[in-house]
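Scroll down for the structure; my scribbles are underneath it.
Values quoted throughout were computed directly from the atomic coordinates according to the rules given, and no laboratory measurement underlies them. Keep in mind it's a predicted model, so treat the numbers as computed, not measured. Methodologically, a virtual Cβ is constructed for each residue, glycine included, from the backbone with ideal geometry; neighbour enumeration extends over all protein chains shown.
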């Protein structure tokens, strides 16, 4: 008899979960707990958990404690679809998916077809949202082209860079995105010229041929827009500097972090856009406080700025739920789309019915000088990048 | 060759194998359906897809004895056919602007896409096979691997037609189990029908005794080519259905990972047995699933028992080594599942030996 009751109890539990019981608010993480994506997903998810704990401590959301369910995508697309279904069946009101568009999309598509909101932890492709998943999908980070555009405009205005060289690693969409943003911005900068461009592949052991072409220029360019990411970035940067090219190097956020700097000793004249500083010098003291909280929760400092979008994600979603007074998808999406320069710890965030991503954002500029990174400035591009230019 | 009456009796004597295998697949489907759990349902869909891939692989590898590392390339061809033919024209225009106009406007149901994927893969299997099937042994294996790498590079770089390495999304997602079940059963029956056909017999003869087979008038490259095309078609259809199961395709989905998973399932099951191909998938997939549940943690009384993450992959490797240690020819060796009859020596999957 006891067993029958247990089975009944279990089945009611399952049944109610499947229909999204309104008494609970559940955040479902269909993210990578194993495999290489874990390195990207875990810190952002930890940051999201910190925001969830804060909200729960302050009395919860709509008077309810936020619950969390997890499923491991194992950095595998087919597993990602399953993980999405798992958290949805466990009653998730929002499905949080992997950082990368390619790996997060299967779970996000699952959420979309179940009529639920999906949030990419830190994807920076325009496809991570309406364009590549559907009208209920969002990304918590900033589009990669904004990074390229930010660096180009900032270097032009603040560093008086006039001649630019574009070096693209064609490995990922993210890299191409940075250079797309740079390409969009450059023609808008009066008398700035592109003195040359080249491509390489992340896995290339040597970029000697590309370096020879840069050295062959009549004058060293003021700035090199380097659109690449880890792990190939380190080798490319090292080779550029070893060849005696001292131009300023502009990057995307993908090279943020000090973990690799020992490989290129005394690196200088090197600039990276970040959403918040992990180096303890963020102009906003609350970011530094967050870093301390993160260290307390996980035992280590954030290793890159990609930790922060997880926090922003829960922050904006919870605000939208609070305003809508429900976790019902259409109402929450409508509230999210009303957000215009909504303040967050890591800069203002805007969502529209056209774009569930940031096409303009405040970036802190981190300069690495003699191997020491630190915030030197902040910059917001003068106008948002039009969606038409992002869709190229 | 065997006279007509005798061949029919071969079919009758061996039909129990695909029937038993189909019943096993139906049993899996019913368990998934009865459980009502959507993640489990998706897991079983995955298992059926793997059955299709491994059975497709078996048609060539099992019958010819030539190990192919390249069959997942056909799945890739089929998967992209699904993307080309089922995504809404507007979305195709954005992600794959280089498609010819007629293909751009095409929007067909999933089953037609699977058939088209199979046909497209079969066509390329014919083209590649015409060259590759003249090789044998390790040279043939390496050449099939080169074919995989070639297809992968083309699909990873042909920006306007395959969207290069980006995910192609918008393929209608099919989450019901039954189409996959039907496809897996069809694959099993196709493999069975081929292996008892005269071409299948000829190829197995060539596998076991190439010199004698050639002396008996078997054109070995041609016999291999037929198997290659049929298995390519099955892989292509499987690849298209795989695309429908997760809703997107990328070239690296159909690359080394899937190649080695399917090959190891075939090897563990028993390379020259259709039952081995199916059982290899069912046993290994069940094991993977059980280990994943253990990784996620199960409640025993008041305590939760959970394996550390990543144990699944290690345990799977250990189990595979153990199976191959004790059964070097795989779980089934070269036997097939049959009804227990009085004729114990019958080897229905090897009709060449019983005739």
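Extending 7 Å from Cα along the Cβ direction at residue B:222 and again at residue B:296 yields two label points whose distance is 5.3 nm.
The simple Förster model, with R0 at 30 Å and r as the Cβ-Cβ distance, assigns residue B:138 and residue B:12 a FRET efficiency of 0.20.
Using R0 = 56 Å, the C-beta based FRET efficiency linking residue B:150 and residue A:67 works out to 0.70.
What does a probe at residue A:158 reach in the stretch A:183-201, counting residues whose amide N is under 18 Å from the point 7 Å along Cα→Cβ? Hits in the stretch A:183-201 for residue A:158 at 18 Å: A:185-186, A:189. Angle check, please: helix A:144-158 long axis (alpha carbons) against the longest principal axis of chain A (alpha carbons), in degrees 0 to 90, nearest 10. Approximately 40 degrees, to the nearest ten. Each of A:62, A:116, B:21 was scored by other Cβ atoms within 10 Å of its Cβ. Listed from fewest to most, they are A:62, A:116, B:21.
Of all beta bridges that DSSP places with both ends in the protein assembly as shown, some 35 percent have antiparallel geometry. Residues of the stretch A:364-392 falling in the label zone of residue B:94, defined by backbone nitrogen less than 14 Å from a point 7 Å along Cα to beta-carbon, are A:387-392. Remark: B:110, B:74, B:189 ranked as B:189, B:110, B:74, counting other beta-carbon atoms within 10 Å and listing the fewest first. For the pair residue B:131 and residue B:101, a Förster radius of 45 Å applied to the C-beta separation gives a FRET efficiency near 0.90, rounded to the nearest 0.05. Counted by neighbouring Cβ atoms within 10 Å, the residues B:60, B:305 run from fewest to most as B:305, B:60. Measuring nothing but alpha carbons in the stretch A:128-242 and taking Rh as the Kirkwood radius, the Rg to Rh ratio lands at 1.02. Model label points for residue A:208 and residue B:198, set 7 angstrom from Cα along the Cα-to-Cβ axis, are 6.2 nm apart. Extending 7 Å from the Cα toward the beta-carbon at both residue A:285 and residue A:238 defines two label points whose distance is 4.1 nm. Here the extension length gained between residue B:37 and residue B:108 equals 22.6 nm, from 0.36 nm per residue of separation less the Cα-Cα distance.
Legend: translational diffusion of the protein assembly as shown by Stokes-Einstein, Rh = Kirkwood radius over C-alpha pairs, 20 °C, 1.002 mPa s; D = 77 µm²/s. Computed from Cα atoms, the angle from the helix A:173-185 axis to the main principal axis of chain A rounds to 60 degrees. Between helix A:101-113 and chain A there is an angle of about 30 degrees, using the helix long axis and the longest principal axis of the Cα atoms.
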